[in-house]
1. Checking PRO77 against (1) surrounded by 14 or more Cβ atoms within 10 Å (Cβ to Cβ); (2) at pLDDT below 75, which single condition isn't satisfied?
2. Filter the stretch 152-178 down to residues that are assigned to a strand (DSSP E or B) and open to solvent by less than 20 Å² (accessible area, probe 1.4 Å), then give me how many there are.
3. Can you name the residue in the stretch 1-57 that is among the acidic types (Asp, Glu) and more than 22 Å from ILE108 (Cβ to Cβ) and is also surrounded by the most Cβ atoms within 10 Å (Cβ to Cβ) among such residues?
4. Which residues, taken from the stretch 136-149, are within 24 Å of VAL173 (Cα to Cα) and of a type outside the set (S, T, N, Q)?
5. Restricting to the stretch 137-151, and then to whatever is part of a loop (DSSP other than H, G, I, E, B) and open to solvent by less than 60 Å² (accessible area, probe 1.4 Å), can you tell me which residue is farthest from SER56 (Cα to Cα)?
6. Do you know which residues across the stretch 120-136 are of a type in the set (A, V, I, L, M, F, W, C) and surrounded by 17 or more Cβ atoms within 10 Å (Cβ to Cβ)?
Amino acid sequence: MDNHQVHFSITKFKEVSGVMVPLNYNHWKPLILYFAAKCTSFQVNCWISDLEAIDSVKPFANHVNVQDNNNKDLSLPFSEALADLFPGWTINISPPGSSVIVSQTGEITNEFINTLTNNCFDQYGRIKWFSINFCLNGKIIFYAEHNGTEFHALDVTDNDIAFIRSVLPKDVVFSVSV
């Protein structure tokens, strides 16, 4: 049986305080539970200004990587990074508007999955993390991007595709490739 690559994205949105939010996220929890069970580690990426999102992952992470808009990496063990890069979690980015991504990695645990499925929305009602990757043996198997509006599943079987289709809303863009 050939394994496939799947891409799907949400197409129906509402505006909440100037932010576009999917009409529903009924597919979120089943997808997270399904793919987390197949994987052992995670990488969660947030914009540096999303302190609530960063802080929600912090208890589960064992490493943080900060990348500025010039693609310069600053990698430190998690405890050093908190002390050196985020003193008091007051963050000033210069110049204003700079794009800085905070990437946290760690092992998938039940507590982490509980956070992803039960404490997952920001103040606008969208998924609070910019992107989430689930990995097995260092290889990305599943990832959600753009605050849970675009998804990729890699090396999936026909049974995986059937499950994905069963939980998605009818109005998604869905493509499969070999």
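The values are calculated or read from the model by the stated rules, or taken from the named source; none is laboratory data. These numbers come from a predicted model, not from an experiment. So basically every Cβ, Gly included, is an ideal-geometry build from the backbone, and we count neighbours across all protein chains shown. The accessibility values were calculated without ligands, DNA or RNA, using every heavy atom of the protein model including side chains. Shrake-Rupley method; radii C 1.70, N 1.55, O 1.52, S 1.80 Å.
1. Only one criterion in (1) surrounded by 14 or more Cβ atoms within 10 Å (Cβ to Cβ); (2) at pLDDT below 75 is unmet by PRO77, namely (1).
2. 2
3. So, considering only residues that are among the acidic types (Asp, Glu) and more than 22 Å from ILE108 (Cβ to Cβ), the one surrounded by the most Cβ atoms within 10 Å (Cβ to Cβ) is GLU15.
4. Across the stretch 136-149, the qualifying residues are ILE140, ILE141, PHE142, TYR143, ALA144, GLU145, HIS146, GLY148.
5. Step one: filter the stretch 137-151 for residues part of a loop (DSSP other than H, G, I, E, B), giving 137-138, 146-149.
Retained after the next criterion (residues that are open to solvent by less than 60 Å² (accessible area, probe 1.4 Å)): 147-149.
Values: ASN147: 15, GLY148: 16, THR149: 20 Å.
Filtering the stretch 137-151 for residues that are part of a loop (DSSP other than H, G, I, E, B) and open to solvent by less than 60 Å² (accessible area, probe 1.4 Å), the one farthest from SER56 (Cα to Cα) comes out as THR149.
6. Within the stretch 120-136, CYS120, ILE127, TRP129, PHE130, ILE132, PHE134, CYS135 qualify.
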